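So the structure is just underneath, and the comments pick up after that.
The values are calculated or read from the model by the stated rules, or taken from the named source; none is laboratory data. Since the structure is predicted, the reported quantities are computational estimates derived from the model, not experimental observations. Ideal geometry is used to build each Cβ from the backbone, glycine not excepted, and the neighbour counts take in all protein chains shown. Accessible surface is based on the protein model in full, side chains and every heavy atom, while ligands, DNA and RNA are left aside. Shrake-Rupley method; radii C 1.70, N 1.55, O 1.52, S 1.80 Å.
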Amino acid sequence: MKNYYSFSDYVKKKFGCKVGKISIDTNFGCKHKANDGGCKFCNLESYKPPYIIEEDIDKQWINGVKNYRNRYAKYYAYFQLGTPLSPFASKESLMYARKLITFDDCVGLMFGARSDMLEESVLEELNSLALKNNKEIWLEMGLQSSNDNTSLFINRGHDYKSFADMVIHIKNKYKNLIICTHIIFGLPNRIEENNIILETKEEMLQTVKDVSSLKVHSVKFHQLDIVKNSAFEKMYNEYNFPTLTEDFYIDIITEAIALTNKDIIISRLTGDSLYDTLIAPKWTKSKGEILNLINKNMLSNNYSQGCLVS
């Protein structure tokens, strides 16, 4: 039994079945990467599912359904790759969204989003689209860290206040949109001599506290992966660049869950970089083993989601 409110629990309660996510690639990339070099941890290809082999969106959906048909009964269309909601790509993303949301086996849409690139007209249309079709629309809003020194070091492109202001704005004005925030543990925020210095445990957990206080609808936790063809790959080769151990990650996730409001859906507990793109950390335990150890750690500490929220 899990001591947290998981995404699988949420969808089973709401839809009465298992619900998967089919990644959609509009192939517009990331405007932040094109303009300002992008986040230093990112390589878009490191989490592109292997079933995306077509440019045609209908075929991407069909291939995704074929890939997952034995696991799920319904699906979200997940505009995952790059920044599909930006002045660079929103028009085309909305065109595809209007079609996909009408599919019978589609329960809703999910969009990778940046708080600094969301346009008011796009938010208005997405809010109306969700209401008109009686389906969910999620904004997967990356934050990664609420520490502005970290955000600057990783070239995130915005600070915490602007992110928080956008979350509050959406929650107040666009009631049909669901906000899911991404947090990464193990991010660096400075260099000392030849050493990359990571955020402290307290700084990592402060991000959890900050996001929990915003009362977002969902959160995803990730470990920092050093992946090929990212800016961090070069730094990993040039500096002493530590990454999180499995034991540390299990420990911090346990505490993070306890610091997350109990009504927030925890949609992810670990990251999933494609293994052939992953440089570090190369953990020895499987994802299933790590999830089991997180549950055991919570039980041994008598922790449940939200138990440490003050």
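Restricted to region 72-84, and to residues there that are under 21 Å from K135 (Cα atoms) and at pLDDT below 90, the residue that is most open to solvent (accessible area, probe 1.4 Å) is Q80. Scanning region 135-167 for residues that are part of a helix (DSSP H, G or I) and either among the basic types (K, R) or within 14 Å of the chain's Cα centre (by Cα) (or both) gives a single hit, K161. Kindly provide the set of residues from region 132-165 that are under 25 Å from S23 (Cα atoms) and not charged (D, E, K, R), ordered by number. N133, N134, I137, W138, L139, M141, G142, L143, Q144, S145, G157, F163 - these are the residues of region 132-165 that are under 25 Å from S23 (Cα atoms) and not charged (D, E, K, R).
Within the span defined as region 174-189, every residue fails to be surrounded by fewer than 20 Cβ atoms within 10 Å (Cβ to Cβ), assigned to a helix (DSSP H, G or I) and in contact (Cβ under 8 Å) with a residue 40 or more places away in the chain. If a residue has to be of a type outside the set (F, W, Y), open to solvent by less than 60 Å² (accessible area, probe 1.4 Å) and either at pLDDT 85 or above or within 22 Å of S90 (Cβ to Cβ) (or both) to count, how many in region 41-71 make the cut? Summing the residues that are of a type outside the set (F, W, Y), open to solvent by less than 60 Å² (accessible area, probe 1.4 Å) and either at pLDDT 85 or above or within 22 Å of S90 (Cβ to Cβ) (or both) in region 41-71 gives 10. Do we have F28 as surrounded by fewer than 20 Cβ atoms within 10 Å (Cβ to Cβ) and either farther than 23 Å from L118 by Cβ or modelled with pLDDT of 90 or more (or both) here? For F28, the condition - surrounded by fewer than 20 Cβ atoms within 10 Å (Cβ to Cβ) and either farther than 23 Å from L118 by Cβ or modelled with pLDDT of 90 or more (or both) - is not met.
Could you tell me which of the residues V211, V219 is free of Cβ contacts under 8 Å to residues at least 60 places away in the same chain and open to solvent by less than 10 Å² (accessible area, probe 1.4 Å)? Sole residue among the options that is free of Cβ contacts under 8 Å to residues at least 60 places away in the same chain and open to solvent by less than 10 Å² (accessible area, probe 1.4 Å): V219.
If you go through region 148-169 and keep only what is under 22 Å from E136 (Cα atoms), out of contact with any Ser or Thr (no Cβ under 9 Å at 6 or more places or on another chain) and in contact (Cβ under 8 Å) with a residue 24 or more places away in the chain, you end up with just I168.
Just one of the numbered conditions (1) outside any loop (DSSP other than H, G, I, E, B); (2) among the small types (G, A, S); (3) surrounded by fewer than 16 Cβ atoms within 10 Å (Cβ to Cβ) is not true of S310; which one? Only one criterion in (1) outside any loop (DSSP other than H, G, I, E, B); (2) among the small types (G, A, S); (3) surrounded by fewer than 16 Cβ atoms within 10 Å (Cβ to Cβ) is unmet by S310, namely (1). The set of residues in region 209-259 being among the acidic types (D, E) and in a helix (DSSP H, G or I) consists of D210, E233, E238, E246, D247, D251, E255.
Restricting T277, T260 to residues that are in contact with a strand residue (DSSP E or B) (Cβ under 9 Å, 6 or more places away or on another chain), farther than 22 Å from E140 by Cα and hydroxyl-bearing (S, T, Y) narrows the list to T277.
Selection within region 256-287: residues that are over 12 Å from G306 (Cβ atoms) and among the acidic types (D, E). The member of this set that is surrounded by the most Cβ atoms within 10 Å (Cβ to Cβ) is D272.
Can you spot a residue in region 120-127 that is closer than 30 Å to F232 by Cβ, open to solvent by less than 20 Å² (accessible area, probe 1.4 Å) and without any contact (Cβ under 8 Å) to a residue 60 or more places away in the chain? The answer is no, given that none of the residues of region 120-127 is closer than 30 Å to F232 by Cβ, open to solvent by less than 20 Å² (accessible area, probe 1.4 Å) and without any contact (Cβ under 8 Å) to a residue 60 or more places away in the chain. Does A130 count as over 19 Å from the mean Cα position of the chain (by Cα) and either in contact (Cβ under 8 Å) with a residue 40 or more places away in the chain or in a helix (DSSP H, G or I) (or both)? Considered against the rule, which asks whether it is over 19 Å from the mean Cα position of the chain (by Cα) and either in contact (Cβ under 8 Å) with a residue 40 or more places away in the chain or in a helix (DSSP H, G or I) (or both), A130 comes out as yes. Annotation note: Cβ proximity below 6 Å between a residue of region 56-78 that is in contact (Cβ under 8 Å) with a residue 40 or more places away in the chain and a residue that is outside any loop (DSSP other than H, G, I, E, B) and open to solvent by 60 Å² or more (accessible area, probe 1.4 Å) (sequence gap 6+ or interchain) occurs for I57/Y96; K74/F15. Note on region 168-202: residues that are of a type in the set (V, I, T) and within 16 Å of the chain's Cα centre (by Cα) amount to 5. Scanning region 14-44 for residues being in contact (Cβ under 8 Å) with a residue 24 or more places away in the chain and part of a loop (DSSP other than H, G, I, E, B) gives a total of 15.
Residues are listed down the side, and each one gets a yes or a no for (1) surrounded by fewer than 18 Cβ atoms within 10 Å (Cβ to Cβ); (2) among the hydroxyl-bearing types (S, T, Y):
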residue: M235; (1), (2): yes, no
residue: P242; (1), (2): yes, no
residue: T245; (1), (2): yes, yes
residue: Y249; (1), (2): no, yes
